[in-house]
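Reading through the structure tokens given below for one structure.
The values are calculated or read from the model by the stated rules, or taken from the named source; none is laboratory data. All values derive from a computational prediction rather than experimental measurement. Note that we place each Cβ from the backbone using ideal geometry, even for glycine, and neighbour counts take in every protein chain shown.
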């Protein structure tokens, strides 16, 4: 009698891909945006093209700027392979690659400079 392996526990925080039910990230596929990653610097989705060192994040910013809801998920493919699932284009649009290229950090908001010392401490 063959020994059956243990079944893994269901974890809702993990990506759920069920081809038969056509679910990605727990939502119907007609409610998410599909994008194609071509090369290293280009991402195309819904007729928009983003050229950037981080093209998926740039595409998320473009999608929001043309009116897509920030909670919309994005499925990024390279060919037929799902290579990057994005749960929320709004959250991804607020990120940038950190200075070391090893992760992400919050994107600096336009119009906000760095901290400045008070006038009373100005150099004489």
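Quick notes on this one:
- Scope the stretch 80-112; condition outside any strand (DSSP E or B) and in contact (Cβ under 8 Å) with a residue 12 or more places away in the chain; matching residues: 87, 88, 89, 90, 91, 92, 93, 94, 107, 108
- Hits in the stretch 47-61 (condition: assigned to a loop (DSSP other than H, G, I, E, B) and under 28 Å from residue 100 (Cβ atoms)): 52, 53, 54
- Condition check for residue 50: farther than 15 Å from residue 34 by Cβ and at pLDDT 95 or above: no
- Candidate set from the stretch 45-56 (those that are over 14 Å from residue 83 (Cα atoms) and touching a helix residue (DSSP H, G or I) at 6+ places or on another chain (Cβ under 9 Å)); member that is surrounded by the most Cβ atoms within 10 Å (Cβ to Cβ): 45
- Filter result (in contact (Cβ under 8 Å) with a residue 24 or more places away in the chain and in contact with a helix residue (DSSP H, G or I) (Cβ under 7 Å, 6 or more places away or on another chain)) within the stretch 57-79: 57, 60, 61, 63, 64, 68, 72, 74, 76
- Top-ranked residue of the stretch 62-79 - restricted to ones that are touching a strand residue (DSSP E or B) at 6+ places or on another chain (Cβ under 8 Å) and outside any loop (DSSP other than H, G, I, E, B), ranked as nearest to residue 109 (Cα to Cα): 62
- Members of the stretch 33-51 that are in contact with a strand residue (DSSP E or B) (Cβ under 8 Å, 6 or more places away or on another chain) and on the phi > 0 side of the Ramachandran plot: 46
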